[in-house]
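Novice: Can you keep this structure in mind? I'll have questions shortly.
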Amino acid sequence: MKRSKKLKLTNTAKTILSMLIIIIVLIALSFHHKDKIVEEVHEIKEEDNYTLKIDYPVISNEDINEEITKYITDKKEEFLSIAEKLEEVTQTKLDLSITYTQTDMFDYEVLNINVYSYTGGAHYNQENKSYYFDPKTGKEIDLTAFLEPDKFSELANLAYYNTIKYYEDNDLEYDEAWIKEGTSATTKNYSHFNFTEDSLELTFDPYQVGPYSDGEIKISIPQEKLEGIVKEEYLHIEKKESNVKTPPKRDLSEFAGKRLLAFTFDDGPSDGPTNKLLDNLDKYNARVTFFVLGSRVNTYRDTLIRAYEMGNQIGSHTYSHLNLYQLSDYDIMKEINNTNDAIANIIGIRPDKLRAPYGNTNDHIKELSNMYSILWNVDTEDWRYKDAEKIKEYIITHARDGAIILLHDIYSTSVEGALLAMEELQDEYVFVTIDEMVELKGVTLDKKKSYFNF
Ligand code: ZN
C-alpha cells in the first residue's frame, strides 16, 4: 500500500515537474525573443591613480554594435590618456564608469550609454548617448519616426520655446541664438528623447543650448501641444473631464448652396456686448467666431463658455494684443501658447485658428504659431465710428458670399450694428462660423496661407 502511494505521488510530482519545465522553457523563450542583448562586456580596472568600470551590451545589430564599440573605445582612450599623463598619485583617484540601460519605447528599443568620468575638479563629467532601433528590422531610427511627415520644424519651434521657458522659469541667463541653433530641426539635436505618460522629454547635451556649465538640459513638451506633430499612436491624450458641454454641431446640409457670411469678433470676450450678441444670435439662426484675447478669458470665463456651448467658434487673438512683428520668436510663441492654454483650461479645446493683432502676420509667424491664419476682407472700422447705423450700412454694402467681417465685441455699437445687419441680410445670407464656412466651401486649409475670405 505504502509503495503504491509513494509511486502515485511520484507520478504527480513528475507531471508537476514536466509542467514546470515547459513553463520555464516558455518563459526563457519569451525572454530570449525580447532580449536583443547577445552578451555583455565587462571591464574593471583598479590602478594606483585611476579606477575604471565599463559595462556595455553587444546587441544583435552589427552596425549599432560597431558604433557603440567605437564610442566606448573613444571614451576609454580619452580617459586613459588623461590618467596616464597624471604622474602624481592624488588622493582622489580618477574614475571612469560606463553603464547602460535598455528600455522599450512603443515598438522600438532604446539603448542609453551613460558615461561618467572624473578627471579632477569637483564633479564627474556626465555624457549620454542613446541609440534607438527597430528590433524587427534591426534598423536604427530617430525622432522623426515618431513624427507626422514634415513636422520636424514645428517640433523644433516647440523645443525652442520650451527651452527658453526652462531658462526663464529657473531664472537663468540664456542666449536665444544659441538655443535656436541647438534646437534647430536636425536629428543630431534630438538624439535623446523619451515619451512619458503625458509629455515628450528632450534632453540636450551640455554645450548644446548653453554653456557647458549649464550641464545637460532636460525639457518636457506636454503632449496636448504635440497633437498633429507627433503621430497619434504615440500620444495618449485623455480629454479632461469638464462641466462644459460639447456644442451641438449644426446640420450644414440645410445651408448648402446658400450665400454665406462669417461675422468675426475680436478683442473680447466682454460682459455686456458679448452677451447681448449671444442673446440675439438664435433669432437669425446665426453662429459667429470670436477671436479672443488670452488675457481676458479668465475674467470673462462664463461668457466664453456660453459662447462656446452655443456652437460659436473660439479662435485666438493672442494673449496681450501685441504687434507680433516687434517680438522675439520666444515672445511670439508665448503670446500664442499662453492663449491656447488659457482657452483649453476653460473649454477643453485648443483653438487652431489665429487672428494676429492688426492682421500682422508673415510666413515666419505662421510657422511659429502652427495655427491657421484667419484675417478678413470686410473691415467695418467699428472701433473708429462706434456708430451702429454706420456699421450696419457698411456690412450691408460690403456683404458678399464667403466674406469675413471684422468687428469687436467690446463695443455695444459694434454688436448692435452686427445685429441690425443680420436682421436685414437674413433672407439672403446664412451666418456661419469660420469652421462651418470652410466645411461648406469644401476648402482644405493650409497653415502657410492667410485667409481673407472663402
Ligand atoms: Zn484686435
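Novice: Binning at 5 angstrom from zero up to the longest distance, how are the C-alpha pair distances of region 255-451 distributed in percent?
Specialist: 1, 8, 18, 21, 21, 17, 10, 3, 1, 0
Novice: What number, in percent, do you get for the relative contact order of the chain if the mean sequence gap of Cα pairs under 8 Å and at least 6 apart is divided by its residue count?
Specialist: 11
Novice: Further, regarding this structure: Just round it to a whole percent: the fraction of Cα-Cα distances in the chain exceeding 37 Å.
Specialist: Summing the P(r) tail past 37 Å for the chain gives 47 percent.
Novice: Where the only charges are on Cβ atoms (+1 Lys, Arg; -1 Asp, Glu), what is the dipole of the chain about its Cα centre, to the nearest 20 debye? Before the final figure, lay out the partial values.
Specialist: Details: 52 positive and 81 negative charges, 479 e Å.
Once rounded to the nearest 20, the dipole reads 2300 debye.
Novice: Next question. Might you tell me the accessible area per residue for the chain, computed with a 1.4 Å probe and given in Å²?
Specialist: Result: 53 Å² per residue.
Novice: So how strong a dipole does region 37-141 carry about its Cα centre when Lys and Arg Cβ are +1 and Asp and Glu Cβ are -1, to the nearest 20 debye?
Specialist: On the way: 10 positive and 24 negative charges, 47 e Å.
The dipole of region 37-141 has a size of about 220 debye.
Novice: Scanning the chain for helices, which whole DSSP H stretches are 30 Å or more long along the axis (Cα) and average -0.5 or more by Kyte-Doolittle?
Specialist: 2-34
Novice: Continuing with this model, one more query. Please compute the modelled spin-label separation between ASN285 and VAL443, points set 7 Å along Cα→Cβ, answer in nm with one decimal.
Specialist: Distance between label points: 2.2 nm.
Novice: Using the alpha-carbon centroid of each, what span in Å lies between region 98-138 and region 400-415?
Specialist: Here the two parts' Cα centres lie 57 Å apart.
Novice: A further question on this structure: Take the cross-link list LYS53/LYS129; LYS165/LYS449; LYS70/LYS139; LYS180/LYS225; LYS188/LYS218; LYS151/LYS249 and give me the ones stretching past 21 Å between alpha-carbons.
Specialist: From the list (LYS53/LYS129; LYS165/LYS449; LYS70/LYS139; LYS180/LYS225; LYS188/LYS218; LYS151/LYS249), the Cα-Cα distance tops 21 Å for LYS165/LYS449; LYS151/LYS249.
Novice: Can you give me the relative contact order of region 255-451 as a percent, contacts being Cα pairs under 8 Å and 6 or more apart? Don't jump to the answer; show the numbers that get you there.
Specialist: Numbers: 390 pairs, mean separation 64.1, N = 197.
Relative contact order for region 255-451 comes out at 33 percent.
Novice: Then there is this: Can you pull the accessible area of TYR207 for me, 1.4 Å probe, Å² to the nearest 10?
Specialist: Around 140 Å² of this residue is reachable by solvent.
Novice: Moving on to the next point. With an 8 Å cut-off on Cα pairs and a minimum separation of 6 or more residues, tell me the relative contact order of region 131-206 in percent. Don't jump to the answer; show the numbers that get you there.
Specialist: Details: 57 pairs, mean separation 18.1, N = 76.
Taking the mean separation of contacting Cα pairs over the length of region 131-206, I get 24 percent.
Novice: Students sometimes get this wrong: rank HIS123, HIS42, HIS364, HIS408 by accessible area, probe 1.4 Å, all chains present, largest first.
Specialist: Result of the area sort, largest leading: HIS123, HIS42, HIS364, HIS408.
Novice: Now for a different question. Of the heavy-atom accessible surface of region 78-181 (probe 1.4 angstrom), what whole percent is carbon and sulfur?
Specialist: After summing per-atom areas, the C and S share lands at 46 percent.
Novice: Something else now. Over region 224-331, with every protein chain in place, what whole percent of the accessible area is carbon and sulfur at 1.4 Å, could you tell me?
Specialist: Accessible surface attributable to carbon and sulfur in region 224-331 totals 44 percent.
The values are calculated or read from the model by the stated rules, or taken from the named source; none is laboratory data. Here the structure is a predicted model, which means the values were calculated and not measured. Because the Cβ atoms are built from the backbone with ideal geometry, glycine has one as well, and the counts that use them run over all protein chains shown. Note: accessible area is taken over every heavy atom of the protein model, side chains too, but ligands, DNA and RNA are not part of it. Shrake-Rupley method; radii C 1.70, N 1.55, O 1.52, S 1.80 Å.
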